[in-house]
1. Using a probe of 1.4 angstrom, how much of the accessible area of the chain is carbon and sulfur, in percent?
2. Taking only Cα atoms and a 10 Å spring cutoff, compute GNM fluctuations for the chain and point out the largest among Arg87, Arg26, Arg136.
3. Give the residue from Ile56, His123, Met81 lying farthest towards the positive end of the charge dipole for segment 1-132; charges sit on Cβ (+1 for Lys and Arg, -1 for Asp and Glu) and the dipole is referred to the Cα centre.
4. Quick one: angle between helix 74-86 and the longest Cα principal axis of the chain, in degrees between 0 and 90, rounded to 10, please.
5. Run the dipole for segment 36-147 about the Cα centre, Lys and Arg Cβ at +1, Asp and Glu Cβ at -1, nothing else charged, and hand back the magnitude in debye, nearest 20.
6. What residue among Leu72, Ile5, Ala137 has its Cα farthest toward the positive end of the dipole of the chain, where the charges are +1 on Lys, Arg and -1 on Asp, Glu, each on the Cβ?
7. What angle, in degrees between 0 and 90 and rounded to the nearest 10, separates the Cα long axis of helix 14-27 from the longest principal axis of the Cα atoms of the chain?
8. Taking the Cα atoms only, what angle lies between the long axis of helix 123-141 and the longest principal axis of the chain, rounded to 10 degrees?
Amino acid sequence: MNITIIGVGKIKEKYLKLGIDEFSKRLTKYCKLDVIELDDEKCPENLSEKDILSKIKNNSYVIALAIDGKNLSSEELADTMSKLAVRGNSHITFVIGGSLGLSDEVLKRADYKLSFSKMTFPHQLMRLILLEQVYRAFRINNNEPYHK
């Protein structure tokens with residue numbers, strides 16, 4: 001399976017970089033991972049429309065992280081990813097917006113909107129949380145132990 005994560009904003013905090021690097025390394029056992037970072041500082045309001053959409057491959061199943069998306073348990077995310085693979089969706093792209101969120105165009109392109117919480121999280125932290133949950137989903141789908 002191919003997993004792409006498109007994130008608006010650079011990761012500057014060392015502790016987040018270390019966590020992201022660790023889960024990225026762990027995921028190499030399960031998938032081909034591509035993380036695309038887009039600048040947030042110089043973003044015009046239409047960044048999401050232009051830059052994000054241009055990074056999404058046509059054959060990719062797009063999951064946008066959105067506060068109004070569907071809340072899933074870790075097991076439900078694992079099941080969703082497994083069902084996508086069975087249906088032939090071998091490329092999943094997760095999109096994390098920056099401080100301006102995601103444009104309507106990106107949300108319309110999304111095949112699924114996923115929410116981790118009604119709370120707002122910094123996009124840098126969300127990247128780490130998402131990578132951990134994707135890793136957890138692969139462990140669940142492979143019946144491998146992982147802490148609860």
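The values are calculated or read from the model by the stated rules, or taken from the named source; none is laboratory data. Bear in mind that the values here come from a model prediction, so they are computed numbers and not experimental data. Positions of Cβ are generated from backbone atoms using ideal geometry, with glycine treated the same way; all protein chains shown enter the neighbour counts. Keep in mind that these areas ignore ligands, DNA and RNA; they rest on the heavy atoms of the full protein, side chains included. Shrake-Rupley method; radii C 1.70, N 1.55, O 1.52, S 1.80 Å.
1. 50 percent
2. Arg87
3. Result: Met81, furthest along the dipole toward the positive end.
4. That works out to roughly 90 degrees.
5. Numbers: 14 positive and 16 negative charges, 70 e Å.
Magnitude of the dipole: close to 340 debye.
6. Ranked along the dipole, the leading option is Ala137.
7. Helix 14-27 sits at roughly 50 degrees to that axis.
8. The two axes meet at around 20 degrees.
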